[in-house]
2 protein chains.
Amino acid sequence: MNLPSAILEQAVDQLSSLPGVGKRSALRYALHLMGCKENEVADFCSALMRLKTDLHHCKICNCVSDTELCPVCSSPKRQQNIICVVENVQEVMAIENTQQYRGLYHVLGGVISPIDGVGIRDLNIESLLRRIQESYPAPVDEVILALPTTMEGDTTNFYLNKQLQPLGVKVTTIARGIAVGDNLEYADEITLGRALQHRIPFELN
Amino acid sequence: MNLPSAILEQAVDQLSSLPGVGKRSALRYALHLMGCKENEVADFCSALMRLKTDLHHCKICNCVSDTELCPVCSSPKRQQNIICVVENVQEVMAIENTQQYRGLYHVLGGVISPIDGVGIRDLNIESLLRRIQESYPAPVDEVILALPTTMEGDTTNFYLNKQLQPLGVKVTTIARGIAVGDNLEYADEITLGRALQHRIPFELN
């Protein structure tokens with residue numbers, strides 16, 4: 001694509017650095033912003049800049065937050081003795097949307113992935129172990145591992161389990177199985193195999 | 001979607017104002033920017049701000065440009081007596097990419113669309129007529145209308161033709177027909193009808 005302006009080209013280059021955005025979409029975004037008023041674009045940019053300047057990570061769970069402690073960690077209504085370990089902020093939001101979980105979180109910031117150069121030291125594992133060792137903010141009875149069902153997620157699960165077992169906490173993982181509404185014939189054999197293996201007593205709900 | 005931070009929420013709101021971007025994609029973009037370094041986000045924002053502060057519209061054709069005159073209008077190699085009228089900057093780029101056109105452009109900035117509240121006065125029609133009347137920058141022999149094949153495009157074509165005819169210029173439109181590589185059976189009847197009506201002498205190329 002041959003752009004008639006270097007300024008437009010720079011904006012397109014920057015916009016196409018966003019995940020999943022190609023040059024064509026980036027151009028569409030740039031032309032849209034060009035058509036906006038100057039103060040609108042300034043508002044747009046300041047909202048993005050504030051992501052870096054004003055946004056905190058919660059001191060306890062590392063989730064994004066406007067304050068030192070995130071709403072979950074600072075709520076007295078949450079169960080303090082259960083920690084759910086997730087990869088990213090998105091998973092916190094997904095689990096919160098289920099309205100089924102009342103415990104605390106711990107955001108790792110990724111999973112162990114040697115190919116992407118993500119090692120143990122790049123993740124918030126140390127702070128998780130410290131939370132449990134120091135019973136901060138409260139003694140922990142159970143750690144739920146809610147990491148992705150990928151090889152990297154499984155590796156991280158395995159490593160975390162090895163670190164957590166000596167600390168005397170119960171370690172669980174979320175159930176793997178057939179998704180609600182899914183058809184058995186389209187499930188892959190590993191998922192179906194695990195779903196059979198971890199079958200549960202029938203209950204009406 | 002329940003975001004854990006008002007700052008993140010504002011960024012997501014702003015990003016989802018981009019055309020075709022939903023809340024979920026906007027969140028993905030925001031989290032990506034959050035993971036970038038502060039100076040990278042600053043570069044990102046300054047590139048966008050420059051779209052409003054530093055980008056010019058060409059004084060002659062109204063195309064975007066870094067300078068007062070765009071590269072096309074300031075090039076002595078272009079044919080000065082043909083103007084191609086297009087809706088937006090994207091069409092200029094599309095036509096330039098064909099490398100088939102050596103004349104000048106005129107960017108209307110839209111098409112007549114009463115539903116969207118776009119009237120004659122909102123478009124760069126006046127400046128087009130002035131260019132031809134005042135032979136600026138050179139006398140014009142032909143105006144090619146390359147507007148979209150929508151009702152709004154046709155309305156604009158009709159209006160422009162009415163204004164241009166009295167000025168003694170030749171008015172043409174780009175050919176409508178079957179796209180190269182397309183199958184006749186899937187063409188809509190209006191396109192196929194027009195393609196038959198405007199058939200051309202057979203040539204090998």
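The values are calculated or read from the model by the stated rules, or taken from the named source; none is laboratory data. The model shown is predicted, which means the values in this text are computed figures rather than measured ones. Note: ideal-geometry Cβ built from the backbone for every residue, glycine included; neighbour counts use all protein chains shown.
Residue-level check: of (1) acidic (Asp, Glu); (2) touching a residue at least 12 places away in the same chain (Cβ under 8 Å); (3) under 17 Å from B:Ala26 (Cα atoms), A:Asp43 misses just (2).
Here is the figure for segment B:4-17: residues that are among the hydrophobic types (A, V, I, L, M, F, W, C), more than 7 Å from every other protein chain (Cβ to nearest Cβ) and either closer than 24 Å to A:Ser75 by Cβ or surrounded by fewer than 17 Cβ atoms within 10 Å (Cβ to Cβ) (or both) total 1. The residue pairs whose first member lies in segment A:114-129 and is within 24 Å of A:Val140 (Cα to Cα), whose second member is in a helix (DSSP H, G or I) and of a type in the set (S, T, N, Q), and whose beta carbons are closer than 8 Å, counting only pairs six or more residues apart or on different chains, are A:Leu123/A:Thr156; A:Ile125/A:Gln163; A:Leu129/A:Gln163. Just for segment B:105-115: of the residues that are of a type outside the set (Val, Ile, Thr) and more than 25 Å from A:Lys23 (Cα to Cα), which one is nearest to the other protein chains (Cβ to nearest Cβ)? By that ranking, first place goes to B:Ser113. Quick one: in segment B:68-89, of everything that is free of Cβ contacts under 8 Å to residues at least 24 places away in the same chain and over 23 Å from A:Ser16 (Cβ atoms), which residue is farthest from the other protein chains (Cβ to nearest Cβ)? Ranking the candidates gives B:Pro76 first. Each residue in segment A:167-184 was checked for being assigned to a helix (DSSP H, G or I) and either modelled with pLDDT of 85 or more or surrounded by 15 or more Cβ atoms within 10 Å (Cβ to Cβ) (or both), and 1 pass.
Residue count for segment A:32-67 satisfying the condition of being in a loop (DSSP other than H, G, I, E, B), buried (at least 21 other Cβ atoms within 10 Å of the Cβ) and within 7 Å of chain B (Cβ to nearest Cβ): 1. Condition (residue is away from every other protein chain (no Cβ under 13 Å) and surrounded by 21 or more Cβ atoms within 10 Å (Cβ to Cβ)) applied to segment A:90-101: is it met by at least one residue? No: segment A:90-101 contains no residue that is away from every other protein chain (no Cβ under 13 Å) and surrounded by 21 or more Cβ atoms within 10 Å (Cβ to Cβ). Within the set A:Leu3, A:Leu8, the sole residue that is part of a loop (DSSP other than H, G, I, E, B) and either farther than 30 Å from A:Leu160 by Cα or of a type in the set (Gly, Ala, Ser) (or both) turns out to be A:Leu3. Put simply, of B:Val72, B:Val21 the only residue that is in contact with a helix residue (DSSP H, G or I) (Cβ under 9 Å, 6 or more places away or on another chain), within 30 Å of B:Thr149 (Cβ to Cβ) and not assigned by TED's automatic domain parsing to the domain that holds B:Leu147 is B:Val21.
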